[in-house]
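Notes for the one structure printed next.
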Amino acid sequence: MKAAVAIAVSAVLLAGCNATHKSDPKLWFASQGGTLPSKTRVVICHGFGCHLKTSVGFSAADFATFARILAKGQASPAAERQAIRSAVAWAEKRVAPTVGSEDDVGGLDIWNAGERGQMDCLDEATNTTSYLLVAEQRGLLRHHTVARPVSRGFFLDGRYPHATAVVVENGSGQAYAVDSWPHGNGVEPNVMTLETWQARSPTSG
């Protein structure tokens, strides 16, 4: 079962994740079998390749915390990227008790395919994009726009397939990877230019 799920996930990465980040991020959810977030609720993908989905509602207190974290980034694009890192880490901790993802293992971990609460890069890219879309819908992002997740690697180039969430700096148009996959639950994601991310090693974030 676990091997079958891992193989299926890899096939999805090979077939459907190489669209440009400039396309509509909402198209990602249709391609991955995910569910778009609303202003009050996210549907968390887990079990690898969005094999499992759990709906989590955010309260007024949750949004107050979310807004307070992101407000720390208002001064500049660089500050907002750091605030995004903090906000994604907070969101992962917030949903963990409902999803069962407190012990999600970061990085390459094909042996947990199909397990509740465990997330591969497709799950992570989808969930991070969901958090960022909620922030965007609520007007909490000043310097960035949420883009479509992208991928790198397809085995034949010697690199393991990997996907990441993406934001684009409004002023410069520079795209940045927001990659939660290398770390366990609640750890701040890696943020770097998309070009840097695309050039990295097979199993790094």
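Each value in this text was obtained by applying a stated rule to the coordinates, not by laboratory testing. This one's a predicted model, so the numbers in the text were calculated from it and none came from an experiment.
Data table
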quantity: Net lengthening on full extension, residue 23/residue 78 (0.36 nm per residue, minus Cα-Cα); calculated: 17.4 nm
quantity: Gained length - residue 36 relative to residue 111, 0.36 nm times residue gap less alpha-carbon distance; calculated: 24.2 nm
quantity: Segment residue 61-residue 142, extension gain: residue separation times 0.36 nm, minus the distance between their alpha carbons; calculated: 27.0 nm
